[in-house]
Amino acid sequence: MTRADIVTHARESIAKGSKSFALASKLFAPRTREHAWLLYAWCRRCDDLADGQDMGHGMSQVADPEARLAEIKRETQRALSGEPCQDPAFTALGMVASECALPHAYIDDVIEGFALDARDWRPRTENDLYQYCYHVAGAVGRLMAIIMGVAPDDTVTLDRATDLGLAFQLANISRDLEEDDAAGRCYLPEEWLAEMDIPPGQHMKPPFRDRLVILAHRLCDGAELYEASARVGAARLPFRSRWAVLAAAGIYGDIAREVRARGAHAWDHRIFTSKASKAAWVARALTQALRPAPPISREMLWTLHS
């Protein structure tokens, strides 16, 4: 496959896997857009392998999680070593990693998230939850920031990119509690469940719905806090990248805001953002991208890092 073929495959992957990210990616400058698609294609393929999904849909328990993890590691290493890969998603990773000099350590961090799921890992504490969110989304945020031109030693901006990944993942977890439960997974910290006197594996049962809402709102609080922090970092990006990031932050932030608004009915039907809402965020993000970055308060910094 030629480079153009791989880019086309990556564009189709993001179009099928995430309408929100696909729309936001259109706001990037052309070269950055291609690189974002290439990275997404690898993330999507690894996620599908680990979760038994097809383009992010239909998550199910897999019978061979360790074998799938081994495949992810093997094919990723082949791609990063410049060896040919049969799967175009792994070829896409090798291409973007070479063209953007992506640090392999961050790619390894992403794979560790898949390893945690393969081991049927569950967070015991809130810190465990955030560590998981870093691996599956925060590290991707750091890779995306480098694709947008952030220097690998610009830790301030990379930290804000991590925050956006955390915001996305916390919103996902709050929305997908029932879907995760059906696949035998739970990302609510055990300490939270004990605090609410919810027995392990019972959090989706009707008698515990009011207490579950409290924990879901806690996830939403975190998502909103990290989204606000990420918006500060977006000001350090080139204009079109800033626009794309702010649009994605708003679109995905609406997931957490809708979970909060629905309360006990948040899991009756899967939450998604409408085309009109996405378009509105594109316009709103353009206005935001033209303004100075909002300040980040000492209280927010203390909360983020305490």
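The values are calculated or read from the model by the stated rules, or taken from the named source; none is laboratory data. In this text the structure is predicted, and so the values were computed from the model without any measurement. Positions of Cβ are generated from backbone atoms using ideal geometry, with glycine treated the same way; all protein chains shown enter the neighbour counts. We work out accessible area using only protein heavy atoms, side chains counted, and drop any ligands, DNA or RNA first. Shrake-Rupley method; radii C 1.70, N 1.55, O 1.52, S 1.80 Å.
Condition test on Leu49, is it aliphatic (A, V, I, L, M), within 15 Å of the chain's Cα centre (by Cα) and within 25 Å of Glu66 (Cα to Cα)? Criteria not met by Leu49.
Of everything in region 68-82 that's among the charged types (D, E, K, R) and in contact with a helix residue (DSSP H, G or I) (Cβ under 8 Å, 6 or more places away or on another chain), which residue is surrounded by the most Cβ atoms within 10 Å (Cβ to Cβ)? For region 68-82, the residue satisfying everything is Glu75.
Pairing residues of region 205-222 that are within 12 Å of Leu177 (Cα to Cα) and modelled with pLDDT of 95 or more with residues that are open to solvent by less than 30 Å² (accessible area, probe 1.4 Å) and of a type in the set (A, V, I, L, M), at Cβ distances under 6 Å and at least 6 apart in sequence or on separate chains, gives Leu215/Leu188; Ala216/Val259; Leu219/Leu170; Leu219/Ile173.
For region 95-113, how many residues meet the condition of being open to solvent by less than 20 Å² (accessible area, probe 1.4 Å) and in a helix (DSSP H, G or I)?
So in region 95-113, the residues open to solvent by less than 20 Å² (accessible area, probe 1.4 Å) come out as 96-97, 102, 107, 110-111, 113.
Remaining after also requiring in a helix (DSSP H, G or I): 96-97, 107, 110-111, 113.
Count: 6.
Can you pull out every residue in region 16-25 that is in contact with a helix residue (DSSP H, G or I) (Cβ under 7 Å, 6 or more places away or on another chain) and closer than 19 Å to Ser241 by Cα? Within region 16-25, Ser20, Phe21, Ala22, Leu23, Ala24, Ser25 qualify. Name the residues in region 148-162 that are open to solvent by 10 Å² or more (accessible area, probe 1.4 Å) and under 18 Å from the mean Cα position of the chain (by Cα), would you? Of everything in region 148-162, those that are open to solvent by 10 Å² or more (accessible area, probe 1.4 Å) and under 18 Å from the mean Cα position of the chain (by Cα) turn out to be Met148, Asp159, Arg160, Ala161, Thr162.
Against the condition over 20 Å from Ala244 (Cβ atoms), open to solvent by less than 60 Å² (accessible area, probe 1.4 Å) and assigned to a helix (DSSP H, G or I), how does Ile6 come out, does it pass?
Numbers: over 20 Å from Ala244 (Cβ atoms): yes; open to solvent by less than 60 Å² (accessible area, probe 1.4 Å): yes; assigned to a helix (DSSP H, G or I): yes.
So Ile6 passes the test.
Within region 152-187, the residues that satisfy the criterion of being over 19 Å from Glu258 (Cβ atoms) and part of a loop (DSSP other than H, G, I, E, B) are Pro152, Asp153, Asp154, Ala183, Gly184, Arg185, Cys186. Across region 249-275, what is the number of residues that are in a helix (DSSP H, G or I) and either within 18 Å of the chain's Cα centre (by Cα) or at pLDDT 95 or above (or both)? Of the residues in that region, 17 qualify.
If I ask for residues that are crowded, with 21+ Cβ neighbours inside 10 Å and of a type outside the set (Val, Ile, Thr), which ones from region 9-19 would you list? Spell out how you get there, then give the answer.
Our first condition is that a residue be crowded, with 21+ Cβ neighbours inside 10 Å; within region 9-19, this holds for 10, 13-14, 17.
Within region 9-19, Ala10, Ser13, Gly17 qualify.
Just one residue in the set Ala183, Ala194, Ala171 is free of Cβ contacts under 8 Å to residues at least 12 places away in the same chain and either aliphatic (A, V, I, L, M) or open to solvent by less than 20 Å² (accessible area, probe 1.4 Å) (or both); that residue is Ala194.
Scanning region 1-12 for residues that are of a type in the set (Ser, Thr, Tyr) and modelled with pLDDT of 95 or more turns up just one, Thr8. Set side by side, the residues Arg142, Arg124 differ, and just one is over 17 Å from the mean Cα position of the chain (by Cα), open to solvent by 20 Å² or more (accessible area, probe 1.4 Å), basic (Lys, Arg) and at pLDDT 95 or above, which is Arg124.
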